[in-house]
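A short reminder: the numbers here are calculations on the coordinates, not readings from a lab. No experiment lies behind these values; they were computed from the predicted model shown. Here the Cβ positions follow ideal geometry from the backbone for every residue, glycine too, while neighbour counts run over all protein chains shown.
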């Protein structure tokens, strides 16, 4: 592996109908949304593991004994870890705190950005290797699809952020400026959150992630 002193953390929920990709339920139904979520998780694990850059850890929002997660552990060269915290920011901070105890560079991603490539991951790690404190990959909706930290964690980056809104990236930049950190931003991309985003799967030649009924 090119970056042995790094880790890629993937955050994921279990694909439980009614609890996964809830904003897509009006377009796909509960089961359709959960099935798409399962495909997105496996797509993300395929991208990260095949890149061969560094070890990959799947941080699970639900029990590690959930059958979907145990199947992922069997199918991919990953380690399962448990998410802890009362909100997304606390869970992310706890994951970075744990990861940075054993690795110098940590990248954290979710499973909502099927357009994320191995090149994006490599660029992010190279940014951290070049003495950047942080790396971000902005999303078109005002959030980000990737964040990476090098050596140090500052909890202010993750607390009291308006998660799920178009203010996430702006607020994160403000926090980074306030603590005088140097950071690099990769090219902006899209993520898959709302029904109108489904057409982007087709345009990006990712329609295999959709079920035949939704093509």
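The slack between residue 46 and residue 188, meaning 0.36 nm per residue of separation minus the straight C-alpha distance, is 49.0 nm. With Cα atoms defining each centre, segment 102-120 and segment 148-182 are spaced 17 Å apart in the structure. Work out the FRET efficiency for residue 87 and residue 31 from their Cβ-Cβ distance, taking R0 = 22 Å, and round it to the nearest 0.05. Between residue 87 and residue 31 the formula returns 0.20.
Assuming a ≥ b ≥ c are the square roots of the Cα gyration tensor eigenvalues, decide whether segment 99-200 counts as rounded (a/c under 1.5), prolate (otherwise, with a/b larger than b/c) or oblate. Intermediate results must be reported in sequence, preceding the final value.
Details: a/c = 2.02, a/b = 1.34, b/c = 1.50.
Since a/c reaches 1.5 but b/c is at least a/b, the shape of segment 99-200 is classed as oblate.
Against the chain, whose longest principal axis comes from its Cα atoms, helix 118-129 is set at around 20 degrees. Of all beta bridges that DSSP places with both ends in segment 6-210, some 35 percent have antiparallel geometry. Length gained on full extension, residue 22 to residue 152: 43.4 nm, using 0.36 nm per residue less the C-alpha separation. Axis of helix 88-99 versus longest Cα principal axis of the chain: the two differ by about 60°, to the nearest ten degrees.
If each DSSP helix of 4+ residues adds -39,500 (n - 2.57) and the sum is divided by the residues in the chain, what number results at 222 nm, nearest 500 deg cm²/dmol? Walk me through the numbers on the way to the answer.
On the way: 6 runs with 77 residues, N = 215.
Taken over the chain, the calculation gives -11500 deg cm²/dmol.
When the Gaussian network model of the chain links Cα atoms closer than 10 Å, the mean-square fluctuations of 27, 93, 38 top out at 27. Between the helical axis of 25-51 and the longest alpha-carbon principal axis of the chain there is an angle of about 50 degrees. Explain nothing, just the number: relative contact order of the chain, from Cα pairs under 8 Å at least 6 residues apart, as a whole percent. Taking the mean separation of contacting Cα pairs over the length of the chain, I get 22 percent. Which of (i) 55, 42, 30; (ii) 49, 36, 33; (iii) 52, 45, 32 is the computed Cα extents along the principal axes in Å for the structure on display? Given (i) 55, 42, 30; (ii) 49, 36, 33; (iii) 52, 45, 32, the structure-derived one carries the label (ii).
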